[in-house]
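The values are calculated or read from the model by the stated rules, or taken from the named source; none is laboratory data. Remember, it's a predicted structure, so these values are computed and weren't measured experimentally. Neighbour counts are summed over all protein chains in view; Cβ atoms, including those assigned to glycine, are modelled from backbone coordinates with ideal geometry. Protein only, heavy atoms only, side chains kept; ligands, DNA and RNA dropped before computing areas. Shrake-Rupley method; radii C 1.70, N 1.55, O 1.52, S 1.80 Å.
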Amino acid sequence: MSPVTARLADGVSAIPAAEWDACAGAGNPFVGHAFLAALEDSASVGARSGWQPLPVIVDGADGKPAAIAPAYVKAHSQGEYVFDHAWADAWQRAGGDYYPKLQIASPFSPVPGPRLLLRDAALAPALLAAVQAVVDRNELSSAHATFVAPDQVSLFERAGWLIRQGTQFHWANRGYRSFDDFLADLASRKRKAIRRERAAAVEGLTIRHLTGDAILPEHWDAFWRFYQDTGARKWGRPYLTRPFFPKLGEALGERVLLILAERDRVPIAGALNIVGDDTLYGRYWGATEEVPFLHFELCYYQAIDAAIARGLSTVEAGAQGEHKLARGYAPAPTWSAHYIPDPNFRRAIADFLRREREAVAAERDYLAEMTPFRTSNVTDRSSIR
């Protein structure tokens, strides 16, 4: 490999959007300039948040970025959804400083996607070597690339990074023309249960799908209240700041889908989604009124409706959640990659990952048997009610 020079940037916003997106592509909005810059511009990431943006860049022969790692210096392990707290505890008990570490990710977004943004695919090894050099020269404990796209896992593996597996629950569009088409593929008992849930969830409510300019400031005000409530209960404090949401709406336009539940024209709950090229990504949800099954309706069933209407192949509804199984979301593998310079620490983590991988695979096989789908193909969907 010919010698190359890598550089560090003071954030995504320091790089022209066209140059960043020439590497990131348009398929996954969570690594696009608009999304990542909105996080910076709204102060959702930055030194005070413990997510200090530090993109690692390899330039091409034209002097413009040809390979980028969206990297962050982390002072904690919050907002990652791939948990390494036990690793941090072990390293610190051994006398080391686990933080800061380097994180290659889309912050607060457990969304699989490219973690090496490549205008020139041949530069992937050089980019990984540059990331490792940042870790080594600054004596950081480790580097972590979370929710790596399946087609990039081998790039990290060939560079000697340790690979970790996890599980999410995704919905797959099998050519459905309507929600009833989807229900026709389910066992009768599950089909009836979902119909009952949907009816109970929306009784007395109006459901609205808003995108682009139809999302007004008062809608963002309502959603901010929902998000704060969920964030306070799950994480102690919300990760994202109030300015982030309108900045996201302005940056992504029609790619932002806000689903609201209203009672007497007053929003009481909402779910925020991002529309990719072939996937609907469910991201945030919250409510100011407790309504049975409304979470399932807004986050899962309405997302399926929206995906079918747009001809999308997949709905990714976020991290964890075995309750998604009964709603037609099946277990899907996820991957992360980890660079551990210390040989003894690396050996200990490699042994842990080997044992964890076996358990994760066994659990995923078990969960796959619990999906609500019929075991035989449905030949005449019109006959099922």
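Remarks
- Spin-label zone in region 83-117 - amide nitrogen under 20 Å from a point set 7 Å from the Cα of Arg158 along the C-beta vector: 113-117
- Take 175-185, 290-300 and order them by the average number of nearby Cβ atoms within 10 Å per residue, most first; the result is 290-300, 175-185.
- Accessible surface, per residue, of the chain when the full set of protein chains is kept, probe 1.4 Å, Å²: 44
- In summary, the lysines within cross-link reach of Lys324, defined as a Cα separation below 23 angstrom excluding same-chain residues under 8 places away, comprise Lys190, Lys192, Lys234.
- Gyration tensor verdict on region 206-265 (Cα atoms; rounded if a/c is under 1.5, prolate if a/b is larger than b/c, oblate otherwise): oblate
- Under 5 Å between amide hydrogens, built in the peptide plane, is the criterion, and for Thr334 it picks out Gly166, Thr167, Gln168 among residues at least 5 positions away or on other chains.
- Bridge type composition, region 256-367 - antiparallel percent by DSSP, nearest 5: 85
- Residues of region 251-266 falling in the label zone of Glu218, defined by backbone nitrogen less than 18 Å from a point 7 Å along Cα to beta-carbon, are 258-266.
- Protein accessible area in region 21-95, 1.4 Å probe - carbon and sulfur %: 55
- Karplus-based coupling profile of region 85-92, in residue order and whole Hz: 4, 5, 5, 4, 5, 5, 5, 6, with θ = phi - 60° in 6.51 cos²θ - 1.76 cosθ + 1.60 and x standing for Gly or Pro.
- Between Asp97 and Met370, the modelled label-to-label distance comes to 4.3 nm, taking each label 7 Å out from Cα in the direction of the beta carbon.
- Carbon and sulfur %, accessible surface of region 261-325 computed with the full protein complex present, 1.4 Å: 48
- Gain on full extension, evaluated as 0.36 nm per residue between Glu358 and Ala43 minus their Cα-Cα distance, stands at 109.4 nm.
- Computed FRET value (nearest 0.05) for Lys192 with His323, which takes r as the C-beta separation and R₀ as 22 Å: 0.80
- Prolate/oblate/rounded label for the chain (Cα gyration tensor, a/c 1.5): prolate
- Rounded to whole Hz, the Karplus (6.51, -1.76, 1.60) HN-Hα couplings of region 131-136, x for glycine and proline: 4, 5, 5, 4, 5, 5
- Label zone at Asp120 (point 7 Å along Cα-to-Cβ), backbone N below 13 Å, region 67-106: 67-68
- For region 258-309 versus region 69-87, the spacing of their alpha-carbon centroids is 28 Å.
- Point-to-point label distance, Gln78-Asp62, nm (Cα→Cβ direction, 7 Å offset): 4.1
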